[in-house]
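Notes follow once the structure below has been shown.
FYI, it's all coordinate maths here, none of it is from the lab. Bear in mind that the values here come from a model prediction, so they are computed numbers and not experimental data. Glycine gets a Cβ as well: all are built from the backbone with ideal geometry, and neighbour counts include every protein chain shown.
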Amino acid sequence: MKGELPERPTVLIFMGVAGSGKTTVAKLFAKKTGAIFYEGDDFHPQENVAKMRAGIPLTDADRKKWMKTLKKIVYRATLAAGDARVKFVHLTSPPDLIEERLKSRRGHFMPPALLASQLAILEPSADALTFSCKKTPKKIVAELIQTLGIAVSD
C-alpha cells in the first residue's frame, strides 16, 4: 500500500557510550549486509572535539549543532520522531570493561575520564535492540541480522 512503512527498519542507529563497540559493530554489519555506514563522531564540530579532548563533558547545547547535522542523515525525536523505519541498536557493558577499552585505545579524542558523564547522560531508546558488548562484534552482528530477519550470504 502506498505510504506504508517497511516492515524492517531502513536506518539503524548504533548507540552506546564511547568504547562500547559502536563503530566496530556497525562497520561489520554494513560489510555483511551492504548497508551504508556513517560514523557519528565525524560530524562533531571542532569545538565539541576540542572540549572532549580537554576532558570537558558536552552539554545539550554543545550537542545541538551535532544533532542538527545528523538529522540531515537520520532522525530521533531530535533524531527519529517515532519513525518505524528507524531502529536503535544499543550496545551495553559494565563500566569497568568500557573503561579498560578506552584506556587501551589510541588516537581517539574521547578520554576515559568522560565515561562517567556519558553513562550519566545516555538516554537509551525504550524500544532499542540491546546487545552486550561482552560478546564479540561478529556474534552481535549475527544476532542482529537474525533479529531483523535479514538474509545474507557468507
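Counted residue by residue at 0.36 nm each, then reduced by the alpha carbon distance between them, the extension gain from ILE145 to LYS72 reaches 23.7 nm. The local environment of VAL17, defined by Cβ-Cβ distances under 15 Å, has a net charge of +1 under the rule Lys, Arg +1 and Asp, Glu -1. Report, to the nearest 10°, how far helix 137-148 tilts away from the longest principal axis of the Cα atoms in the chain, using its own Cα long axis and a range of 0 to 90°. Rounded to the nearest ten degrees, it is 40.
Once mean projected area of the Cα convex hull in nm² is calculated for the structure shown, the corresponding label among (i) 9.9; (ii) 9.3; (iii) 14.5 turns out to be (i). Between THR92, THR69, THR23, the residue with the greatest mean-square fluctuation in the GNM of the chain (Cα pairs under 10 Å linked by springs) is THR69.
Grab the beta carbon distance between LYS134 and ALA30, set R0 = 25 Å, and tell me the FRET efficiency rounded to 0.05.
On the way: r = 22 Å, r/R0 = 0.89.
The calculated FRET efficiency here is 0.65.
Note the angle between two axes, namely the Cα long axis of helix 22-33 and the longest principal axis of the Cα atoms of the chain, as a number of degrees from 0 to 90, rounded to the nearest 10. Between the helix axis and the principal axis of the chain, the angle is about 20 degrees. For the chain, the relative contact order comes to 36 percent (Cα pairs under 8 Å, sequence separation of at least 6).
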